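A short worksheet on the structure shown next.
Please treat every number below as a calculation from the coordinates, not as lab data. Not measured: the values here are computed from a predicted model. Quick reminder, even Gly has a Cβ in these numbers, built from the backbone with ideal geometry, and neighbours come from all protein chains shown.
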Amino acid sequence: MSIPSIHTDSTSTRTDAEQPSDQSDRFVVSTLSRPIEAIAFWSAIALPFLYLPLLVSGLGSTAQLTAFLALLAIHAAAIVCGHRYNRD
């Protein structure tokens, strides 16, 4: 004779309506990622033009050096985020 277990799995009590749909999650990610990739791609192209005024005027002050380093960090992030833009 076996005794039935009183413990239940918490995930087995969920209905299908409560579980997230993989298809809708993929749609949301795809819908959001395309514009973000496009903005990042074109930002990566445009950001180097903002280096020119800083480099021409020199990086003599701490504010100018900080702005230049911030532009470099933003540019690197834009390259990473936008590298898959328009790849089929």
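Annotations
- Using θ = phi - 60° and Karplus 6.51 cos²θ - 1.76 cosθ + 1.60, couplings along segment 27-36 (whole Hz; Gly, Pro as x): 5, 5, 5, 5, 5, 7, 6, 4, x, 5
- Which of R87, R34, R26 has the fewest Cβ neighbours within 10 Å, and the rest in rising order: R87, R26, R34
- A quarter of the convex hull surface defined by the alpha-carbon atoms of segment 24-82 gives 4.3 nm² as the mean projection.
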